[in-house]
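First the structure, in the form of structure tokens, and then the observations on it.
The values are calculated or read from the model by the stated rules, or taken from the named source; none is laboratory data. Computed from a predicted structure; not experimentally measured. Please note: Cβ atoms are built from the backbone with ideal geometry, for glycine as well, and neighbour counts cover all protein chains shown. Ligands, DNA and RNA are stripped out before the accessible areas are found, and what is left, the full protein with its side chains, is counted by its heavy atoms. Shrake-Rupley method; radii C 1.70, N 1.55, O 1.52, S 1.80 Å.
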Amino acid sequence: MLEIMTTWSEKMLQVLRRMNNFYSPGSSRTTCLRFEVGGEQVGWVPSKVASILSTFPEVFNPPQGGAITLCQNLDSYGRRSEAVDSVLQSLRREGLLTVLKGWRDEKYEVMPRFCDTPLMCMERSATSLFGVKRYGVHINGYCQDEHGELRMWVGRRSMTKQTYPGKLDNLAAGGLAAGISVKNTLIKECEEEACIPEDIAETARPVSTVSYTYEDEEGVFPESQFVFDLELPPEFKPKIGDGEVQDFYLYSMDKVKELLISDDFKPNCAMVVLDFLIRHSYIQPDTEPYYQEFVAGLHHTL
């Protein structure tokens, strides 16, 4: 039993390390340039991206002191947003950066911390090029069965999704677009993805945040998810809405725990469920050798 538990624990730890690989030895962090706007660091620019940005001197200053900055005349939210968008549109047309092929026509706010006033906004698909923080909302949907045991609703992403097609996901989730509140995002995603009416969605409780930073060939991804628990009536069944989810499953917590370490689960969503398991005492410090590592891995400072 201990061997099985340790194997699960080690695989879960590997998921957390993968999603925090920007902090690992050998990552690109040592070669990235700080992205600074208005004198504040708001991201990390990979060196290869910095070289491309340097070909737009009317928008970006030459790298200096380990940082890349915007030209001095770009001194307002509107000017910065418009100038950077012009560069990104040009790069998109040239096809130099594959990440821009996933253009969303959706803007994300850019600021040092979530509580700070946004300094500009940026096309969602481009955020990893600048390593700016991305925020989202994730909903754990669950119910109690006739024996009082918790069961969790898990969605399977559509095969047409740009990222992680066909992988298991939380009941509903979505990025926090510019100008949209956390609560409105929650209600919108519940309705669009799972046909959950507003009066039920509004009963979701904000319970945590899950934060991590990873890198891949498309850039740097510092992300923080606002996590909600939504207890659904036992008779309620989510339905496919906008087509971003192709199916829903109702699983026991043991089955959910088993699935988390499989390649079938979208890794950041696995982190959100791990947080649920810890908060609801399915994982406890006396029986989980990596309890502290799990908690730390879920809450890295961006």
>> Could you list, ordered by first residue, the pairs with Cβ atoms under 7 Å in which the first is in region 104-118 and farther than 12 Å from residue 178 by Cα and the second is of a type in the set (Val, Ile, Thr), at least 6 apart or interchain?
In response: 112/42
>> Considering only residues that are open to solvent by less than 80 Å² (accessible area, probe 1.4 Å) and of a type in the set (Val, Ile, Thr), which ones fall in region 82-118?
In response: 84, 87, 99, 110
> If you scan region 141-165, which residues turn out to be of a type in the set (Gly, Ala, Ser), under 19 Å from residue 251 (Cβ atoms) and touching a residue at least 60 places away in the same chain (Cβ under 8 Å)?
Replying inline: 141, 155
>> Suppose we keep only residues that are in contact with a strand residue (DSSP E or B) (Cβ under 6 Å, 6 or more places away or on another chain) and assigned to a loop (DSSP other than H, G, I, E, B) within region 137-163. Which one would you say is surrounded by the fewest Cβ atoms within 10 Å (Cβ to Cβ)?
In response: 145
> Mind checking which residues of region 38-65 are free of Cβ contacts under 8 Å to residues at least 40 places away in the same chain, out of contact with any Cys (no Cβ under 9 Å at 6 or more places or on another chain) and either open to solvent by 40 Å² or more (accessible area, probe 1.4 Å) or more than 21 Å from residue 92 (Cα to Cα) (or both)?
Replying inline: 39, 48, 51, 54, 55, 62, 63, 64, 65
>> Here is a list: 81, 28, 47. Which entry is under 14 Å from residue 132 (Cβ atoms), polar (S, T, N, Q) and within 26 Å of the chain's Cα centre (by Cα)?
In response: 81
>> Show me the strands (runs of 3 or more DSSP E) entirely contained within region 190-302 in which 1 or more residues are among the basic types (Lys, Arg) and out of contact with any Cys (no Cβ under 7 Å at 6 or more places or on another chain).
In response: 205-216
> Any residue in region 205-218 that is crowded, with 16+ Cβ neighbours inside 10 Å, at pLDDT below 95 and under 24 Å from residue 102 (Cα atoms)?
Replying inline: yes
> residue 172 versus (1) at pLDDT below 95; (2) crowded, with 16+ Cβ neighbours inside 10 Å: which is the lone unmet condition?
Replying inline: (1)
>> Residues that are assigned to a helix (DSSP H, G or I) and of a type in the set (Val, Ile, Thr): does region 104-113 have at least one?
In response: no
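Condition check ((1) within 20 Å of residue 193 (Cβ to Cβ); (2) in contact with a helix residue (DSSP H, G or I) (Cβ under 8 Å, 6 or more places away or on another chain); (3) open to solvent by 40 Å² or more (accessible area, probe 1.4 Å); (4) not hydroxyl-bearing (Ser, Thr, Tyr)) across all residues:
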site	(1), (2), (3), (4)
225	yes, yes, no, yes
229	yes, yes, no, yes
236	yes, yes, no, yes
242	yes, yes, yes, yes
264	yes, no, yes, yes
269	yes, no, no, yes
272	yes, no, no, yes
278	no, yes, no, yes
>> Residue under question is residue 199, and the condition is that it be open to solvent by 20 Å² or more (accessible area, probe 1.4 Å) and within 27 Å of residue 100 (Cβ to Cβ); does it hold?
In response: no
>> I'm trying to understand the selection: among the residues of region 168-198, which are touching a residue at least 12 places away in the same chain (Cβ under 8 Å) and of a type in the set (Val, Ile, Thr)?
In response: 182, 185, 187, 196
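For every residue, the table says whether it meets (1) hydroxyl-bearing (Ser, Thr, Tyr); (2) under 23 Å from residue 246 (Cα atoms); (3) in contact with a Leu (Cβ under 6 Å, 6 or more places away or on another chain).
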{"site": "138", "(1), (2), (3)": "no, yes, no"}
{"site": "148", "(1), (2), (3)": "no, no, no"}
{"site": "160", "(1), (2), (3)": "yes, yes, no"}
{"site": "170", "(1), (2), (3)": "no, yes, no"}
{"site": "193", "(1), (2), (3)": "no, yes, no"}
>> What are the pairs with Cβ atoms under 7 angstrom where one residue, in region 79-102, is at negative phi and hydroxyl-bearing (Ser, Thr, Tyr) and the other, located anywhere, is at pLDDT 95 or above and surrounded by 13 or more Cβ atoms within 10 Å (Cβ to Cβ)? Sequence gap at least six, or different chains.
In response: 81/120; 81/121
